[in-house]
Amino acid sequence: MPVELREITAETVRIICGLEVAEEQSDYVAPVAISIAQAHFEPRATFRAIYAEDEPVGFMLWRDGDKPDAAYLWRFMVDRRHQGKGYGRAALEQVFALLKARGITTLSASVVRGEHSPLGFYLSIGFIEANEVTSTGEWLILKSL
Ligand SMILES: CC(C)(COP(=O)(O)OP(=O)(O)OC[C@H]1O[C@@H](n2cnc3c(N)ncnc32)[C@H](O)[C@@H]1OP(=O)(O)O)[C@@H](O)C(=O)NCCC(=O)NCCS
């Protein structure tokens, strides 16, 4: 499923902020507008819109870690109308390649566990559970790049 990671511009920011997850998933990820606002206060952050066939379908935000070979996937979502089409996996694989090319060897993320949790998605793409809870009470997962 080919996707493109594109920079968000003044022209596209409103439509990207309109992307949303299903209601039952809303406890698992912050709204896109909040993520973009937070990213502006984090110098180590990078965020991109996910496009499929010229249409915005999702959003992702990551940041460099404290160690030079580590990064953290901070936010990640595919709009509810576009889930289950392989876009999430394809976008994440692009980020793996981008980070690997920069010498990063470990990508971490954290998930809320529960009925609609994305944990199964992350495990299916090669993340493993660190069996550790983060300072914010989420379940830590790790991917070797
Ligand atoms: C998690 C999310 C980004 C996945 O995006 P997606 O585009 O729907 O995922 P894909 O279509 O690429 O799915 C890839 C694989 O993961 C599986 N998968 C997707 N969501 C899953 C879930 N919640 N649990 C278990 N498996 C899941 C798919 O069945 C697919 O498996 P396959 O390759 O064997 O067919 C999307 O469901 C989402 O935005 N969820 C709400 C927000 C969220 O939880 N974000 C993560 C915050 S940490």
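Just so it is clear, none of the values below were taken in a lab; they were calculated from the coordinates. Worth saying up front: this structure is predicted, and the values here are computed from it rather than measured. With ideal geometry, Cβ positions are generated from the backbone for all residues, glycine too; neighbour counts draw on all protein chains shown.
Which value at 222 nm does the chain reach when only helices count, each DSSP H run of 4 or more adding -39,500 (n - 2.57), with the total divided by all residues and rounded to the nearest 500 deg cm²/dmol? The helix contribution divided over the chain gives -6500 deg cm²/dmol.
The dipole here belongs to the stretch 1-49: it is taken about the Cα centre, uses +1 on the Cβ of Lys and Arg and -1 on the Cβ of Asp and Glu, and is about 260 debye. Just to be sure I understand the model, the point goes 7 Å from the Cα along the line to the Cβ. What's the resulting Arg113 to Leu98 distance in nm? Those two pseudo-labels are separated by 3.1 nm. Of the residues Ala49, Ala30, Ala22, the one that moves most in a GNM of the chain with alpha-carbon contacts below 10 Å is Ala22. Applying a DSSP loop filter and a limit of 10 other Cβ atoms within 10 Å to the chymotrypsin sites (Phe, Trp or Tyr not before Pro) in the stretch 17-74 leaves Phe41. Think of the stretch 4-144 as having a plus end and a minus end, set by charges on the Cβ of Lys, Arg, Asp and Glu; of Tyr72, Leu142, Leu98, Leu98 sits farthest toward the positive end of this dipole. Taken over the chain, the convex hull of the Cα atoms encloses 114 Å³ per residue.
Are there trypsin sites (Lys or Arg not before Pro) in the stretch 5-63 that DSSP puts in a loop and that have at most 16 other Cβ atoms within 10 Å, and which ones? Qualifying residues, ordered by number: Arg44.
Neighbour counts of other Cβ atoms within 10 Å put Lys85, Lys143 in the fewest-to-most order Lys85, Lys143. Shape class of the stretch 39-119 from the alpha-carbon gyration tensor: prolate, with a/c at 1.5 or above and a/b greater than b/c.
Of the GluC sites (Glu not before Pro) found in the stretch 98-145, the ones in coil according to DSSP and having at most 12 other Cβ atoms within 10 Å of their Cβ are Glu115.
Quick one: order Leu123, Leu92 by neighbouring beta-carbon count within 10 Å, fewest to most.
The order, fewest Cβ neighbours first, is Leu123, Leu92.
Net charge dipole, the chain: roughly 320 debye, given to the nearest 20, about the Cα centre with Cβ charges of +1 for Lys and Arg and -1 for Asp and Glu.
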